[in-house]
Amino acid sequence: MFGAFRSTQARLSGLLWKSPWRLSSSQKYRHRQRLRRVDRIVDVLDKALAKQGMTAAAVERWKSEMPTEAEMKPRDKYTMFDPKEKTYRKGVHKLPKWTRMSQRVNPPGF
Amino acid sequence: MFEGWLFPTPLSQRGASLTITIMASVAPKMSWFKITLIRSGIGMTERQNGVLKALGLRHRLKTVYHPVSPDTAGMIMKVKELLAVSEVDKPLTQAEIHEKRQPAKGYYIEKPGGVREDVESS
């Protein structure tokens with residue numbers, strides 16, 4: 001029952017990876033830092049181009065479509081739309097490679 | 001009436017007039033993006049890894065400099081989650097980046113007259 005031979009879910013059924021259903025507070029903190037870093041980069045690009053009197057389509061589109069970290073609601077920051085969930089929401093950390101990609105907007109109404 | 005065919009301007013003068021027009025238009029001071037790869041591109045899409053390659057970011061913590069232009073900005077936007085970006089006035093060469101990363105020697109050589117070599121040179 002105890003020790004190395006205890007019967008856990010992982011021991012009884014081969015490959016089993018478990019991930020918590022919600023983010024910890026420090027995961028959320030690091031996630032906010034990442035969001036802000038992307039915001040800063042977009043800001044740097046925009047200001048540098050403006051100085052030269054230029055614009056870039058990708059930067060303009062991001063600015064018009066994406067909310068900044070401060071503008072985002074906690075709901076959109078830490079969860080994302082999932083049609084298979086009962087509540088239509090799952091933790092953003094369920095997204096593969098979630099620390100290296102941007103997931104900011106969700107379908108309206110969900 | 002255009003008389004350039006009959007009396008062509010000497011090349012030297014043409015060059016001079018060209019320089020004047022460029023200077024008169026007052027181009028903004030050129031600047032560069034300092035781009036560092038801080039998250040690995042492993043497992044990202046082929047397209048994103050292609051952009052990293054095109055930027056010259058072969059491994060983590062590699063720093064490259066690219067001129068500020070819409071092209072560069074578009075490339076940075078493709079992989080913005082993996083980078084740290086700032087705007088600088090002057091690009092550093094790889095040798096200069098390497099030099100900056102060297103730790104302090106831990107000693108300095110005194111010269112006659114009590115002048116520190118490292119202070120004098122800087």
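Among residues belonging to segment A:10-62 that are assigned to a helix (DSSP H, G or I) and among the hydroxyl-bearing types (Ser, Thr, Tyr), point out the one that is farthest from the other protein chains (Cβ to nearest Cβ). Going through the qualifying residues, I end up with A:Ser25. Scanning segment B:79-109 for residues that are basic (Lys, Arg) and at positive phi turns up nothing. Identify, please: which residue in segment A:45-68 is open to solvent by 40 Å² or more (accessible area, probe 1.4 Å) and β-branched (Val, Ile, Thr) and is, among those, nearest to the chain's Cα centre (by Cα)? So the residue we want is A:Thr68.
Hey, could you check segment A:1-19 for residues that are small (Gly, Ala, Ser) and more than 24 Å from A:Leu95 (Cα to Cα) and say which is least open to solvent (accessible area, probe 1.4 Å)?
Of the residues in segment A:1-19, the ones small (Gly, Ala, Ser) are A:3-4, A:7, A:10, A:13-14, A:19.
Of the ones still in play, those that are also more than 24 Å from A:Leu95 (Cα to Cα) are A:3-4, A:7, A:13.
Numbers: A:Gly3: 43, A:Ala4: 67, A:Ser7: 87, A:Ser13: 61 Å².
Result: A:Gly3.
Looking at the structure I just gave you, is B:Leu61 touching a Ser or Thr at 6+ places or on another chain (Cβ under 9 Å), over 29 Å from A:Lys97 (Cβ atoms) and surrounded by fewer than 17 Cβ atoms within 10 Å (Cβ to Cβ)? Answer is no for this residue. Among the residues of segment A:63-95, the one identified as aromatic (Phe, Trp, Tyr) and part of a helix (DSSP H, G or I) is A:Tyr78. Here B:Ile76, B:Ile97, B:Ile42 are screened, and the one residue that is of a type in the set (Val, Ile, Thr) and assigned to a loop (DSSP other than H, G, I, E, B) is B:Ile42.
Candidates are the residues of segment B:65-80 that are more than 11 Å from B:Ala54 (Cα to Cα), facing another protein chain (nearest Cβ under 9 Å) and open to solvent by less than 20 Å² (accessible area, probe 1.4 Å); the one that is nearest to the chain's Cα centre (by Cα) is B:Val68. Only one entry in A:Phe81, A:Phe110 is closer than 25 Å to B:Lys80 by Cβ, in contact with a strand residue (DSSP E or B) (Cβ under 7 Å, 6 or more places away or on another chain) and aromatic (Phe, Trp, Tyr), namely A:Phe81.
I want to confirm something. Restricting to segment B:81-111 and keeping residues that are of a type in the set (A, V, I, L, M, F, W, C) and exposed (fewer than 10 other Cβ atoms within 10 Å of the Cβ), which single residue is farthest from the other protein chains (Cβ to nearest Cβ)? Checking each candidate, the answer is B:Ile109. Only a single criterion out of (1) crowded, with 18+ Cβ neighbours inside 10 Å; (2) in contact (Cβ under 8 Å) with a residue 60 or more places away in the chain is not satisfied by A:Arg22, namely (1). Consider segment B:1-58 and keep the residues that are farther than 30 Å from A:Pro96 by Cα and modelled with pLDDT of 55 or more. The one that is most open to solvent (accessible area, probe 1.4 Å) is B:Lys29. Among the residues making up segment A:69-110, those that are surrounded by 10 or more Cβ atoms within 10 Å (Cβ to Cβ) and either at positive phi or within 14 Å of chain B (Cβ to nearest Cβ) (or both) are A:Glu69, A:Tyr88, A:Val92, A:Leu95, A:Lys97, A:Trp98, A:Thr99, A:Arg100, A:Met101, A:Ser102, A:Gln103, A:Arg104.
The values are calculated or read from the model by the stated rules, or taken from the named source; none is laboratory data. Just so you know, these numbers come straight off a predicted model, no measurement behind them. When we count neighbours, we look across all protein chains shown, and the Cβ atoms used for this are built from the backbone with ideal geometry, even at glycine. Side chains included, ligands, DNA and RNA excluded: accessible areas come from the protein's heavy atoms. Shrake-Rupley method; radii C 1.70, N 1.55, O 1.52, S 1.80 Å.
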